[in-house]
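Written out below as structure tokens is the structure these notes cover.
Please treat every number below as a calculation from the coordinates, not as lab data. Since the model is a prediction, treat every value here as computed from it, not as a measurement.
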Amino acid sequence: LNYRNTGFITSAPTIRHLPNDTGVEIAFAGRSNAGKSSALNRITDQKSLARTSKTPGRTQLINMFEVVPGCNLIDLPGYGYAQVPLEMKLKWQQSLGEYLQKRECLEGLVVLMDIRHPLKDLDQQMIMWAVESRLPVLVLLTKADKLKSGARKQQLLKVRETVTTFGGDIDVEAFSSLKGIGVDQVRRKLDSWFAP
Ligand code: GDP
């Protein structure tokens, strides 16, 4: 697919407000600051997409983008904000879990995490939910340019080894929006999920 024509469709405050559960969706999730907006920008070659997600008031919304009709990317709100009250956190976690478990048209989950701080509790939670729902996962170790090539490979192997113990269909790739590392691999993976 050509990801350069991706366009904004809508923002939804909760999963219930999303459009009909049709077509194919691929969701992007990650702790706030993991580099999710930068990655979406890079993958789609568009500056304006992330601006949409980062617009004040939209950061807690689910943003939907269309690559071509019937093929949508879902930008889930970043998790792990320190400032958010516990009650809101729990509510949001519950609805993330619900989305992953109930959204029929969801065909894949991309989990982004800083290559220097991978697999925090909520990252693992997201992956476990996906595994339980038999949803394939692509883990992107973001900001890979921050590590030298040796350390990057080492970290990649370590994370791959750890996620193997989770079971399920989980791929791990190093990624850098800044340097373009891993972009082709991501697009190929998305292609395979959109058109199996
Ligand atoms: P989000 O909160 O997950 O959407 O994260 P952002 O995309 O806004 O990125 C958070 C911070 O990390 C910003 O300061 C970005 O400039 C930085 N960042 C994102 N991707 C990269 C990358 O590939 N390399 C480096 N060095 N910094 C990055």
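Among P136, P19, P77, which one moves the most in a GNM of the chain with springs linking Cα atoms closer than 10 Å?
Of the options given, P19 has the highest mean-square fluctuation.
Any aspartates and glutamates with Cα under 13 Å of the K153 Cα? List them, leaving off those in the same chain fewer than 8 positions away.
The qualifying aspartates and glutamates are D145, E161, E173.
Any of K89/K158; K91/K120; K54/K146 with alpha carbons more than 25 Å apart? Name them for me.
From K89/K158; K91/K120; K54/K146, over 25 Å: K89/K158.
Counting only helical runs of four or more DSSP H residues, what would the 222 nm mean residue ellipticity of the chain come to if each run contributes -39,500 (n - 2.57) and the total is spread over all its residues?
Only helices count here, giving -11500 deg cm²/dmol.
Before anything else, pin down the relative contact order of the chain: Cα pairs under 8 Å, at least 6 apart, normalised by residue count, whole percent.
The value is 23 percent.
Once you've got the GNM for the chain with C-alpha springs shorter than 10 Å, pick whichever of E66, E87, E98 has the biggest mean-square fluctuation.
Largest GNM mean-square fluctuation: E87.
Of all DSSP beta bridges located in the chain, what percent are antiparallel, nearest 5?
So the antiparallel bridges amount to about 30 percent of the total.
Tell me, what is a quarter of the convex hull surface for the C-alpha atoms of the stretch 3-194, in nm² with one decimal?
Average of the hull's projected areas for the stretch 3-194 equals 9.9 nm².
Of A151, A50, A27, which has the largest mean-square fluctuation in a 10 Å C-alpha GNM of the chain?
It is A151.
Students often forget the sequence filter, so: which aspartates and glutamates lie under 14 Å Cα-Cα from K36 once same-chain residues fewer than 8 apart are removed?
Here the aspartates and glutamates satisfying the reach criterion relative to K36 are D45, D75, D114, D123.
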